[in-house]
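Comments concern the structure below.
The values are calculated or read from the model by the stated rules, or taken from the named source; none is laboratory data. Being a predicted model, the structure only gives us computed values, none of them experimental. Ideal geometry is used to build each Cβ from the backbone, glycine not excepted, and the neighbour counts take in all protein chains shown. These area figures cover heavy atoms from the full protein model, side chains too; ligands, DNA and RNA do not enter into them. Shrake-Rupley method; radii C 1.70, N 1.55, O 1.52, S 1.80 Å.
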Amino acid sequence: MSSHNYNPASANDPRQPSASKSFLAPMVSPQDVPVDYSGFVAVILGVAGVMFRYKLCSWLALIFCAQSLSNMRNMENDLKQISMASMFAIMGLVTNYLGPARPASQS
């Protein structure tokens, strides 16, 4: 059986395709946009990765940058924050993997 058979109930369908309207997202001012927490976390983790030389913080900052980039709402402000966070994350990874080795701790 096919699901495309004639159904007499569909002849009495009250919906009107000509009256339907497509969804338009409401315009929101840049001041009313919610805070991008993933971008903020990316900046904090990127700075921690650079200052304390934690590889995990730098990798997590890069992941949070990607998440923030995929959920970006305000192009101008969010792009500045994401670019700063990604620079900290990349700088942390470069200094961790290509920088000078840490001196051995004195025990």
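Residue-level check: of (1) at pLDDT 75 or above; (2) open to solvent by 100 Å² or more (accessible area, probe 1.4 Å); (3) in a helix (DSSP H, G or I), residue 76 misses just (1). When you scan region 16-31, do you find a residue that is outside any loop (DSSP other than H, G, I, E, B) and closer than 14 Å to residue 89 by Cα, even just one? Within region 16-31 (the criterion being outside any loop (DSSP other than H, G, I, E, B) and closer than 14 Å to residue 89 by Cα), the answer is no, since none of the residues qualifies. Summed over region 43-63, the residues that are closer than 30 Å to residue 29 by Cβ, of a type in the set (A, V, I, L, M, F, W, C) and open to solvent by less than 60 Å² (accessible area, probe 1.4 Å) give a count of 4. Selection of first residues in region 32-56 that are closer than 14 Å to residue 72 by Cα and among the β-branched types (Val, Ile, Thr) and of second residues that are part of a loop (DSSP other than H, G, I, E, B) and open to solvent by 40 Å² or more (accessible area, probe 1.4 Å), restricted to Cβ pairs under 9 Å at least 6 apart or on distinct chains, gives the following pairs, ordered by first then second residue: 33/73. If I ask for residues that are more than 16 Å from residue 39 (Cα to Cα) and open to solvent by 60 Å² or more (accessible area, probe 1.4 Å), which ones from region 84-98 would you list? Hits for region 84-98 are 91, 94, 97, 98.
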